[in-house]
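The values are calculated or read from the model by the stated rules, or taken from the named source; none is laboratory data. For clarity, every value in this text was computed on a predicted model and none was experimentally measured. A quick note on method: Cβ atoms are made from the backbone with ideal geometry, for glycine too, and the neighbour counts reach across all protein chains shown. Only protein heavy atoms, including side chains, enter the accessible area calculation; ligands, DNA and RNA are left aside. Shrake-Rupley method; radii C 1.70, N 1.55, O 1.52, S 1.80 Å.
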Amino acid sequence: IMTVPSSYLTSTKNTAAIFDAIQRAGVPEKFSYEFLKQLGYASSGDRPIIPVLKSIGFLNDAAGPTDLYRKYKDKAIAKTVLA
């Protein structure tokens, strides 16, 4: 049974751009606020993406990228992975 995630975004303005940046960037050891800044998203409004990435299985509890995160970087299957 899948549970409903409790994470949410207060703004979706940069969400698509962040996902695009994830595809272009290397895979970090940990997806931190610093890494998010390196992607070009330093606003506090962008920070909630990290718990959302955890809740959809892109990051583990320690914010490390999962296999799903790595698969998403392949543009040929990215939409399917995200779905």
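Taken residue by residue, the range 16-23 has at least one member that is of a type outside the set (S, T, Y), out of contact with any helix residue (DSSP H, G or I) (no Cβ under 9 Å at 6 or more places or on another chain), free of Cβ contacts under 8 Å to residues at least 12 places away in the same chain and not in a loop (DSSP other than H, G, I, E, B). For the condition assigned to a helix (DSSP H, G or I), modelled with pLDDT of 95 or more, of a type outside the set (K, R) and at negative phi, F31 does not qualify.
The set of residues in the range 37-80 that are assigned to a helix (DSSP H, G or I), of a type in the set (V, I, T) and over 14 Å from D20 (Cβ atoms) comprises I50, V52, T80. Tell me yes or no: at least one residue of the range 8-28 is open to solvent by 30 Å² or more (accessible area, probe 1.4 Å), touching a strand residue (DSSP E or B) at 6+ places or on another chain (Cβ under 9 Å) and modelled with pLDDT of 90 or more. Scanning the range 8-28, I find at least one residue that is open to solvent by 30 Å² or more (accessible area, probe 1.4 Å), touching a strand residue (DSSP E or B) at 6+ places or on another chain (Cβ under 9 Å) and modelled with pLDDT of 90 or more, so the answer is yes.
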